[in-house]
Every structure is written in structure tokens, then in C-alpha cells.
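Step one of this worksheet: look at the structure below.
The values are calculated or read from the model by the stated rules, or taken from the named source; none is laboratory data. These numbers were taken from a predicted model, which means no experiment stands behind them. Heads up, the Cβs are rebuilt from the backbone with ideal geometry, glycines too, and the neighbour counts pull from every protein chain shown. Side chains are part of the model used for accessible areas, which takes the heavy atoms of the whole protein and leaves out ligands, DNA and RNA. Shrake-Rupley method; radii C 1.70, N 1.55, O 1.52, S 1.80 Å.
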Amino acid sequence: MPRSQSNRLSINGERMWATLHDLAKIGGTEKGGVRRLALSALDREGRQRFIDWCRELGCEIEVDGIGNVFAVLRGEDPSLPSVMVGSHLDTQPTGGKYDGAYGVMCALEIARGIRDRGDVPLRTLEIVAWANEEGARFSPPMMGSSVFVGNLKLEDVLAFKDVDGVSIGSELSNDALVARAKGRGPRGIAAYFEAHIEQGPVLEIEDKPIGIVTGAQAQRWYDVSIVGTEAHAGPTPMDHRKDALMGAAELALAVEAVARRQSPDGRATVGTLTIGHPSRNVIPGAVTLTVDLRHPNDDVLGDMDASFRKAAREIAVARGLRIDVGDFWRKPHVPFSEPLMKSLEAIAGDRGFATRRITSGAGHDAVNLAASGVPTCMVFVPTKDGLSHNELESIKQDDAVTGCDVLNAAVLDALNARR
Ligand SMILES: [Zn+2]
């Protein structure tokens with residue numbers, strides 16, 4: 001179907017919004033948030049509700065060994081690669097109603113619209129609910145999609161434990177869905193779409209209802225160890241100190257400056273800092289801290305890395321400290337599909353919605369799909385005050401419907417594309 005035609009087929013915004021809020025009752029908190037920790041009973045209940053809604057549409061349900069759920073609406077030619085749309089249903093311990101759930105409910109609404117019209121698109125539509133995206137109880141995050149694309153091995157992941165020593169394998173053995181899981185059918189994926197709340201303030205500040213996500217930031221994480229000399233706080237003059245904490249303080253400010261020099265896209269965070277043997281009247285002799293550097297451009301991030309290391313060397317010399325910068329983890333920039341971004345922009349433009357290209361600051365399952373070679377794109381909708389991973393997380397109904405509407409048109413185009 002040509003785009004102009006699919007553009008006229010819109011979604012039932014009221015139904016999508018109502019379903020999203022029905023789902024939020026499962027694990028709903030007093031403050032208006034949601035707590036559905038991955039692999040918990042409430043998470044299973046949420047996923048089961050989603051499955052029930054999909055079965056009402058005649059979707060076939062496929063579940064894999066980590067608990068990713070694929071609701072399959074067969075197309076006219078099931079031999080063609082499918083179009084996959086979704087997000088996640090798990091939340092942070094004090095999470096909101098929209099992070100993840102919004103994207104899955106958008107996908108469900110697209111399928112409902114297809115059924116309302118009695119259409120059978122050319123390609124198969126798969127609605128996916130990825131398992132353990134948040135990584136709040138079991139690390140790492142984006143676990144389900146990482147296993148799906150082969151970045152993590154299922155047998156390794158099953159042995160991962162939470163802080164109480166409970167393994168993922170033992171939790172999944174209580175999950176009837178996973179116990180019966182036969183895995184996902186052998187289908188190629190023509191395109192992956194995900195709608196998500198922005199989780200930052202940019203769209204709201206610029207009054208743009210739609211963010212077209214260009215991909216994920218490149219990231220580098222470090223473990224830093226600073227060693228000086230423990231000494232008595234009283235007798236030791238300031239000029240005779242090798243104070244590891246003051247070195248850490250100077251380094252933290254240097255790290256901040258590294259990101260500020262790459263404004264507005266550079267990011268730098270010192271997220272943890274620990275003093276070895278802390279005592280009120282001892283000059284700290286050992287400090288460990290973590291550094292997280294991000295930028296959308298790999299080359300710029302490489303420059304930030306070099307500046308950070310240079311600052312560490314200079315501070316070490318000036319203060320007589322030993323500073324070791326250890327590489328903990330790094331991830332390159334993952335670009336999303338330019339043709340899909342353009343298609344989403346054209347659809348939004350036809351409908352009179354302002355868009356803005358935006359790099360995702362947070363990790364998303366879509367990044368795993370894109371990195372594995374699947375043409376991928378995401379739509380962001382504005383988040384009130386940029387607040388997410390918070391029970392007060394909020395989005396406007398109009399924005400939610402606009403995002404779903406634009407996504408719907410792009411997905412219908414992809415479902416009916418011959419190639
Ligand atoms: Zn999310």
C-alpha cells in the first residue's frame with residue numbers, strides 16, 4: 001500500500017491510552033508509579049495480561065528461554081521477513097507507568113487496528129515484549145534482547161544471581177510461560193520499531209511532539225583507583241599531604257570539564273566514590289571511583305577519553321598520587337536506519353507534527369537489534385520534566401497518541417513493503 005494510503009489509517013488513541021493504564025494497575029503503587037521487577041510474580045502477571053490481549057486478536061504466542069514474548073500476527077506471505085514492534089514490560093523498583101509499557105501498548109494498538117479493518121498485511125507483524133530490560137534486580141539491563149541477538153549466552157545468563165543469591169535460572173523455573181517455551185519461529189526481521197518515552201527534557205523544552213531517534217550514544221566506563229598516603233589530620237601540614245580524596249575531587253571536576261567542552265552532547269558522570277578505611281581524622285590514602293563518558297560520536301568520545309586520561313596524569317604528578325584508570329566497558333555509537341528515520345519524518349510531516357532528531361541517552365533494546373544488523377528506528381514522545389525511573393513519570397495523552405499514530409503509519413508501510 002502506498003504511504004499516502006496507510007497515512008490515513010489511524011489508531012484508536014483512546015483505546016491505546018486506556019489499555020496502557022489498565023496495564024499500569026498491575027504492580028501499581030500508591031504514588032501512581034509501577035513496580036513490576038523483571039522475573040517477579042507481578043512481571044509474570046503483566047506479561048500474561050499482554051498475552052491475553054494478543055490472543056484475543058488471534059496472535060500466536062511464542063516465548064524463548066529467557067522469557068522474551070513474541071505475539072505473531074501472520075501476514076499474507078509468512079515466508080517474508082517480519083516487521084517487529086515492541087519494547088519491555090518490566091519496570092524499575094519505583095518506576096513509572098510509561099517506560100517500556102508505552103511501546104508495547106503502541107504495538108498492540110497497531111495490531112488491533114489491523115484486525116478492526118480486517119486487513120491482512122503482506123508481512124507478518126510481531127509484537128515483542130523483551131525480558132528484563134531494566135536490569136534492576138538482575139544485571140545487565142537489556143538482557144532479553146542481548147540473549148536474542150547473541151550478545152549473551154542463555155546458559156551463562158541463567159547462572160546470574162540477584163543480591164540475595166537467587167539465580168535467574170531458578171526464577172525462570174517458576175515461570176510457566178518459559179517452562180513451556182518452544183522459542184521464536186525461524187523468521188527473518190525486515191525492520192524493528194520501538195516507541196518509547198524520551199526520559200529526558202529536550203522534546204518538552206523544544207515543544208516537539210516527536211523525537212526521531214538517530215541511535216545510541218557511544219559510552220566508555222572506567223574504574224579509577226587513586227592511591228596517596230594515609231596520615232594524621234592534625235600534625236600533617238597541607239603541603240606535605242598525598243590526599244587521595246582531594247585528587248579524586250580535582251579529577252571529578254576535570255571529568256565534568258571534559259564533557260562541558262563537548263556541550264551540548266558530551267556527558268560525564270562520577271557515579272560512585274569510595275574512600276578506603278574512612279575516618280574523620282585520617283587523610284584519605286585510597287579512593288576508588290567510577291567514570292562514565294558518553295557522546296554520540298565515536299571520534300569525539302575518543303578525544304574525551306584522551307583528555308580525561310591526560311587530566312588524571314597531571315593531577316597524579318601535581319599531588320604525588322598514583323592514579324590508575326582502568327577500562328571497565330565500552331560501547332560504540334550504534335546508528336539507526338536512515339531510511340526508517342526519513343520515513344518516520346515524512347509521515348509526521350504529512351500529518352503536521354514537528355519532529356526533531358535526537359540521540360538516545362539511555363540504552364534500549366532497539367540498540368541491540370540495530371547493532372545486530374536489523375534496520376531499526378525509535379520514536380520518542382515528550383516526558384514531563386524529563387522525569388523517568390520515577391513513580392511520578394508522566395506523558396500527555398495527546399503526545400502518546402501522536403507517537404503511536406506516526407509509528408502505526410511507518411509500521412503499516414513496512415508490513416506492506418515488497419522488499
Ligand atoms: Zn525503557
* Taking the stretch 142-207, which GluC sites (Glu not before Pro) meet the DSSP loop condition and have no more than 13 other C-beta atoms within 10 Å? -> none
* When a/c is below 1.5 the answer is rounded, else prolate if a/b is larger than b/c, else oblate, so apply that to the stretch 1-99 with a ≥ b ≥ c taken from the square roots of the Cα gyration tensor eigenvalues. => oblate
* Asked: Using the C-alpha gyration tensor of the stretch 334-419, what are the square roots of 5 times its eigenvalues, in whole angstrom, with the largest one first?
  -> 23, 18, 11
* Structure fact -> Compactness summary of the stretch 276-419: radius of gyration and Dmax from Cα atoms, Å, are 22.2, 73
* Tell me, what are the semi-axes, in whole angstrom and largest first, of the equivalent ellipsoid of the stretch 43-199 as set by the roots of 5 times the Cα gyration tensor eigenvalues? -> 27, 17, 14
* **FRET efficiency estimate (nearest 0.05) - Cβ-Cβ, residue 362 to residue 41, R0 35 angstrom** => 0.85
* What shape does the stretch 189-230 have by the C-alpha gyration tensor, where a ≥ b ≥ c are the square roots of the eigenvalues, rounded means a/c under 1.5, and otherwise prolate means a/b greater than b/c and oblate the rest? -> oblate
* Quick one: helix 101-117 against the long Cα principal axis of the chain, what's the angle to the nearest 10°, folded into 0 to 90? -> 10 degrees
* For the stretch 234-297, what % of the accessible area comes from carbon and sulfur atoms, probe 1.4 Å? -> 55 percent
* Structure fact -> The value for the chain (convex hull of the alpha-carbon atoms, volume per residue, Å³) is 148 Å³
* Structure fact -> Of the convex hull enclosing the alpha-carbon atoms of the stretch 258-311, the direction-averaged projected area in nm² is 4.6 nm²
* Net charge contributed by nearby residues that have their C-beta within less than 13 Å of residue 218 (K/R +1, D/E -1) -> -1
* Structure fact -> Output ordering of 260-273, 36-49 (per-residue mean of other Cβ within 10 Å, highest first) is 36-49, 260-273
* Rel. contact order, % - alpha carbon contacts under 8 angstrom, at least six apart, the chain -> 23 percent
* **Solvent-accessible surface (1.4 angstrom probe) belonging to residue 164, in square angstrom, nearest 10** => 130 Å²
* Asked: Just how far, in whole angstrom, is the stretch 255-282 from the stretch 300-340 if you go by their alpha carbon centroids?
  -> 13 Å
* In the stretch 174-259, what trypsin sites (Lys or Arg not before Pro) fall in a loop by DSSP, with at most 10 other Cβ atoms inside 10 Å? -> 180, 182
* Where does the charge balance sit around residue 359 when Lys and Arg score +1, Asp and Glu -1, over other residues with C-beta under 12 Å from its C-beta? -> +2
* With θ set to phi - 60° and the Karplus curve 6.51 cos²θ - 1.76 cosθ + 1.60, what are the ³J(HN,Hα) couplings of the stretch 369-384 in order, to the nearest whole Hz, using x for Gly and Pro? -> 5, 4, 5, 7, x, 7, x, 9, 8, 10, 10, 9, 10, x, 10, 4
* Asked: How would you classify the stretch 29-70 from its alpha-carbon gyration tensor, with a ≥ b ≥ c the square roots of the eigenvalues: rounded for a/c under 1.5, else prolate if a/b is greater than b/c, otherwise oblate?
  -> oblate
* Structure fact -> Over the chain, with neighbouring protein chains present, the accessible area per residue in Å² at probe 1.4 Å is 44 Å²
* Asked: Expressed in nm to one decimal, what extension gain is obtained for the pair residue 342 and residue 238 from 0.36 nm per residue of sequence separation less their Cα-Cα distance?
  -> 31.4 nm
* Asked: Nearest 0.05, what FRET efficiency do residue 15 and residue 225 give at R0 = 45 Å with Cβ-Cβ as r?
  -> 0.25
* Structure fact -> Partnerless cysteines (no other Cys beta carbon under 4.7 Å) identified across the chain are 377
* Relative to the longest principal Cα axis of the chain, at what angle does helix 13-23 sit, 0 to 90 degrees, rounded to 10? -> 60 degrees
* To do: Could you tell me the number of lysine pairs in the chain with C-alpha atoms less than 22 Å from each other, where the two lysines are 8 or more residues apart or belong to different chains?
  => 18
* To do: Could you please tell me the mean projected area of the C-alpha convex hull for the stretch 206-359, averaged over all directions and given in square nanometres to one decimal?
  => 11.1 nm²
* For residue 39, what is the net charge nearby, where nearby means another residue's Cβ is under 15 Å from its Cβ and Lys, Arg count +1, Asp, Glu -1? -> -4
* Compute the acute angle (0 to 90°) between the alpha-carbon long axis of helix 244-260 and the principal axis of greatest extent of the alpha-carbon atoms of the chain; round to the nearest 10°. => 40 degrees
